[in-house]
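Heads up, the thing below is written out as structure tokens.
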Amino acid sequence: MALLIHKNDHSDAMIMRNGGLAIFSDGSYKYDGPGNQQHGGYGVYIPSQGVYQAHGRRPQQDLRRCSAITFELLGLLESLQMAIMLQEKGGGVCHREVFVYTDSYDSLTLLEMYMENSTYLSRHSDVSTMESIVMFAGMLPCNVHFCKVKGHDKVLGNEVADKLAKIGATLLEGQQRRCTFVGDLLVPLIPPGQC
């Protein structure tokens, strides 16, 4: 099946028309300058499955070699891994198509460049993540669409993914948390044994 990239902004109405499995992804990275603290994380939201997942940076990840795009790409990768998990849980039944929505035009452009000529980006710090994205997309028995949504424009799924990414940036290396809404507030669930 195909991996397709759509860099035009998708509205809520377009998202509803697309059908398939909708997944929203976002990354968060904050660098306070030399000698100061760096934070990075990403979030994935799957409305139809009630999945709210926040992830901290990966173990051994050198934040000095990261950018916001690093965490946007990790969110896209996690989205595909979750789509594969859902497909396996469903006995191999896949949605007609998978739509992963992100507000990162730059990560979609970089991924598109990688797909056109991977050797051109062979020294890029995020090349292994892009390679994994292409590999995992190929494991799904349906088309995968990466779609751009306008950030901070009240696209509900994107707003939730943005909050999840910000929670992810507060987590420790290698941590992930399922989250839930308490009123209007999105909060991480505390794993058993850590209360």
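The values are calculated or read from the model by the stated rules, or taken from the named source; none is laboratory data. On a predicted model such as this, the values are computed, not experimentally measured, just so you know. Cβ: placed from backbone, ideal geometry, glycine included. Neighbour counts: every protein chain shown.
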Study note, to complete from the structure: Residues of the stretch 116-126 being in a helix (DSSP H, G or I) and surrounded by 14 or more Cβ atoms within 10 Å (Cβ to Cβ), in sequence order, are SER118, LEU121
Check your understanding: Does the stretch 127-148 hold any residues that are surrounded by fewer than 19 Cβ atoms within 10 Å (Cβ to Cβ), touching a residue at least 12 places away in the same chain (Cβ under 8 Å) and over 16 Å from GLU97 (Cα atoms), and which are they?
Key -> VAL127, GLU131, SER132
Point to revise | Exclusive hit being over 20 Å from ARG57 (Cβ atoms) and surrounded by 19 or more Cβ atoms within 10 Å (Cβ to Cβ), set GLY183, GLY157, GLY151, GLY168 | key: GLY157
Point to revise | Matching residues, the stretch 68-84, being over 11 Å from the mean Cα position of the chain (by Cα) and either over 12 Å from ALA165 (Cβ atoms) or at pLDDT 90 or above (or both) | key: ALA83, ILE84
Review point. Is it the case that the stretch 46-67 has a residue that's at pLDDT below 90, hydrophobic (A, V, I, L, M, F, W, C) and either surrounded by 19 or more Cβ atoms within 10 Å (Cβ to Cβ) or closer than 22 Å to GLY174 by Cα (or both)?
Key: yes
